1. Got a sec? Which residues in the stretch 148-175 would a label at ARG233 touch, if it sits 7 Å along Cα→Cβ and we count backbone N under 15 Å?
2. Just to check I understand the Karplus step: with θ = phi - 60° and J = 6.51 cos²θ - 1.76 cosθ + 1.60, what whole-Hz values come out for the stretch 33-49, glycine and proline as x?
3. According to the square roots a ≥ b ≥ c of the eigenvalues of the Cα gyration tensor, what is the shape class of the chain, taking rounded for a/c under 1.5, prolate for a/b larger than b/c otherwise, and oblate for the remainder?
4. If the chain between GLN90 and GLU328 were fully stretched, how many nm would it gain, using 0.36 nm times the residue separation less the Cα-Cα distance?
5. Give the long-range amide H neighbours of VAL122: residues separated by 5 or more places, or on another chain, with amide H under 5 Å away, using H modelled in the peptide plane at 1.01 Å from N.
6. Listed highest first by mean packing, meaning other Cβ atoms within 10 Å per residue, what order do 214-227, 101-114 come in?
7. Roughly how far apart, in whole Å, are the Cα centres of the stretch 1-33 and the stretch 42-63?
8. Starting at the first residue of the stretch 214-226, write each ³J(HN,Hα) from the Karplus equation 6.51 cos²θ - 1.76 cosθ + 1.60 with θ = phi - 60°, in whole Hz, x for Gly and Pro.
Amino acid sequence: MAKIKKRSWAEPFKIKVVEPLKITTREYRENAIQEAGYNTFLLHSEDVYIDLLTDSGTNAMSDNQWAGMMLGDEAYAGSKNYYNLEEKMQQYYGYKYLVPAHQGRGAEHMISQVLIRPGMYVPGNMYFTTTRLHQELAGGTFVDVIIDEAHDPQNQHPFKGNVDLQKLEDLIKKVGADKIPYLSIAGTVNMAGGQPFSMENLKQTYDLCKKHGIRIIFDATRAVENAYFIKVREKGYEDKTIAEILKEMCSYTDGATVSAKKDLYVNIGGFLATNEYEVFEETRNIVVVYEGLHTYGGIAGRDMEAMARGIEEMVEYDQVRARIGQVEYVGENLLKHGIPIVEPVGGHAIFLDAKKFYPHIQQVDFPAQTLAAEIYIDSGVRSMERGIVSAGRNKETGDHYYPKLELVRLTFPRRVYTQAHCDVMIESIVDTFENRDKVKGLKMVYEPKYLRFFQARFERL
Ligand code: PLI
């Protein structure tokens, strides 16, 4: 027998409970997507075979997390699960104070209201939809300070989530440090294709910010995935644990907003963490207005317990390796078939480059929105547009923003799908690519005022 050179990895868990899926025909799906206005957000989930819309809240919890759900202390005030969550947050992230929120955007809302005043600027390593909207609603202006490589889908830079220090310095010089309440830095930058920043870049950014008295607020929603890339790509970190890297990352920031629906393997929840007592005090004052009492912040006690237990699981190397390994498996296979994707493959998702996939469709005719609809029709795989629709409109000119990246995101729920599901995804995308010439774009026939990608409706051109 020939010697096996490379051994495969596999998931560090087995399946205990299954959820049946509905298998539909192409004709059924043609109808379903038309009724959904060619917007995958408006499909009924039971009409979806493999749901890659998001990795947010779609995780499979462990038996230990489910056991913790039974220990939910649903007291209005002072739930023991809040104190468990506080302890795990302090132990693994290392921040002093915790304010729970119903999900990430609840924490973003609070930090924006507490720190941003009209006329201020908030630099960040690329925007995220809800984060930027809350900054704008508080009167701030988001300024993109990510490195240029992040806007180039084929650039192989290992840390495309890095902050461009020159862009940051230029902004400080132009508007003054007192007009910058904080720099917002995200782990594995979502809109850039799930690309990480390096520890070196974070340290340099921290030094520059400290010099000017500017805080760093970490969008630590996918911090663990960023920590994994630091471990496997950055010199000096290969022997550190994920937990050590996570804590070091947080130590170069002043606070964090977290959507627990990602790294923490839960279905709902979020929090704000800070090292500053004044920020904690103010946030604790407004959490009762918008979320709930400061010891539950809009989440049930049982969900806080699942979060606390999820924090311990998320830093296990084998868990995050299997999670990112699955994304890499699909990415590598798509590349072998010549499918244009954002490279290097990111942490939570594969991003198809719709401009290259459909070069004959103009950006105003929504190529990524079109591609997401076509993949659904082909196989029942649900993905999401991350291009001109998600980018929204410039509030001054009223025109669309025209982002350089016009992408379709295939996002992987954690611990949910098998490698056979992955093969179905790959085959469907390859078939959709082979039929690309026949496809025309879409026109928008209904546009909501905020975060339009969620509810906009389209018709075929
Ligand atoms: O969906 P929320 O409100 O729990 O979290 C908002 C949020 C904040 N930051 C980042 C980087 C996110 O990715 C994020 C939510 N992301 C979603 C829903 C997604 O599908 O990617």
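1. In the stretch 148-175, the label zone of ARG233 (backbone N under 15 Å from the point 7 Å along Cα→Cβ) covers 148-164.
2. Karplus values, whole Hz, x for Gly and Pro: 6, 5, 5, 8, x, 6, 10, 5, 5, 9, 6, 6, 4, 6, 8, 9, 8.
3. Details: a/c = 1.41, a/b = 1.22, b/c = 1.16.
It comes out rounded by the Cα gyration axes.
4. Working: separation 238, 0.36 × 238 = 85.68 nm, distance 3.16 nm.
This chain segment gains 82.5 nm when fully extended.
5. Answer set, sorted by chain and number: THR141, PHE142, VAL143.
6. 214-227, 101-114
7. 13
8. So the J values, rounded to whole Hz, are 9, 6, 10, 10, 8, 7, 8, 3, 10, 5, 5, 5, 5.
Every number in this text was worked out from the coordinates using simple rules, so none of it is lab data. Keep in mind that what you see is a predicted model, and the values were worked out from it rather than measured. Neighbour counts are summed over all protein chains in view; Cβ atoms, including those assigned to glycine, are modelled from backbone coordinates with ideal geometry.
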